[in-house]
Structure formats: C-alpha cells, structure tokens
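Beneath this line is the structure, given in structure tokens, with notes to follow.
Every number here is computed from the coordinates shown, using simple stated rules; none is lab data. Because the structure is a prediction, the values reported are computed rather than measured. All Cβ positions, glycine included, derive from the backbone under ideal geometry; neighbour counts span all protein chains shown.
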Ligand code: SAH
C-alpha cells in the first residue's frame, strides 16, 4: 500500500504550477494531474524524484513520460467526458490514470506483461476502471472501435493505418512520429479517407515496437 502524504501532495501542487509556467492552460488537465499520485507508478526508491519534470525508469527498460509531455499530449487530445479514448503503451499506467480522472472511457494496450499487470494493480488501488489489454498496439482494438480519440505514448516510425481506421470521422489522434527523435503530431480524421496533420515540436519516446516481446 502506498501513502499519498501531505509532502507528496505539496510537491504535486508545485509540479502543476510548473506545468502552468511551461504553457499548459487546460485546467482539466492540470486538475487531473494534481489528483493522480505519480509516485504510486514508480519504484519507492524514486519517490523523491516523482514530481520533477523528468522521465523515469519503470519495469522492462521502459520509461514513464515526463509530466510536461503527459500534460502536453493530454491537452492536445482535448478529451471530453465519456469520450472513448484508446491509449497505445500503458507503461506505468500514469497517462491512463490522468485520462480516467478526466472521465474518459479509456482502453489501453501494453505489450509487456509485467507492465500490463502492475498498472492494473495501481488502477485497482486508485479505484480507476480503464479497460486494459495485453497485445500489440499497432493493431489497435478493432472490436471496440471506433474511438473519439487515440493517444500513442511510444515513438512510431510511421502512423499505423489500423489506428487511423479505428478513429471516428472528426476524431483526433496524438502521436509522436519518428525513429530517433519524434515530432508530435495531432492527426484529425476529416473523412473516411482523409486526415489532416499538425506538428508540435520534437520529443524523445521509447520506440513503438511491432513484435510482442516478453521480459
Ligand atoms: N503511457 C506510459 C508511457 C510508457 S512508455 C506511462 O504513462 O507510463 C511507452 C510504453 O509503450 C512502454 O511501456 C512500451 O512497452 C509500450 N509499447 C511499445 N510498443 C508497443 C506496442 N506495439 N504495443 C503496445 N505497447 C507498446
């Protein structure tokens, strides 16, 4: 059982003020990030670093995205209550939890079993109910499609066609695209056959890998 102490809450408030200074303006995003105890998603040895604006190591050689990146992607996604959101790359479960706090119906896919399992334990602890899937995010979740929004939290070399297919017309996908570094893309599906893309600067994500691997 993890404790969310006054100290953690205080550090979290500072993190949120810092995000505001960095240009995050969506109060719903800031409120959700003020609510979610980020340190729960990290090894207890990283407790003191949990509220700094940095990516940190989680299981399976993966990373939890830095808070400003989570805030930026979530703000771009512009999630509304009850929207169906597909996340690729559950990882620690932190981004998933932020989306749940914003009252989205979240579906999330992870290809590493230990991460898939540990994230679910934390969701239970926080009484959050995203639908978690163990599998390959390149395939999306055709059974549950279409989605209002899709967020990809690993770096994709190209935009997976299956994910575009599973987006509603009028829907938005936020995805970092590129091999070594990634450019953040906001993709809007404007008809069954057309998309429109806007880009928002460079980021560094762990790669989106095609084959399911185990650790
Ligand atoms: N949203 C996460 C970010 C974790 S890093 C968080 O808040 O912690 C990105 C995650 O994407 C990693 O856990 C990695 O294993 C996962 N990933 C990479 N390629 C994937 C794929 N093809 N399908 C599903 N998950 C994938």
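Sort 55-65, 94-104 by packing, meaning the average of other beta carbons within 10 Å per residue, with the highest value first.
Final packing ranking: 94-104, 55-65.
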Would you kindly calculate the translational diffusion coefficient of the chain, applying Stokes-Einstein with the Kirkwood radius from alpha carbon pairs, for 4 °C and a viscosity of 1.567 mPa s, and quote it in µm² s⁻¹ without decimals?
76 µm²/s
So how do 173-181, 127-135 stack up, highest first, on mean other-Cβ count within 10 Å?
173-181, 127-135
Considering all alpha-carbon pairs of the range 123-215, what whole percent are spaced by more than 21 angstrom?
37 percent
Would you work out the relative contact order for the chain, in percent, from Cα pairs under 8 angstrom that are 6 or more residues apart?
15 percent
In deg cm²/dmol, rounded to 500, what helix-only [θ] at 222 nm does the chain give when every DSSP H run of at least 4 residues adds -39500 (n - 2.57) and the total is split over its residues?
-8500 deg cm²/dmol
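Could you grab the relative contact order for the range 85-170? Cα pairs under 8 Å, six or more apart, rounded to a whole percent.
Relative contact order comes out at 34 percent.
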Given N residues in the range 101-141, what is its alpha carbon radius of gyration divided by 2.2 N^0.38 Å?
1.17
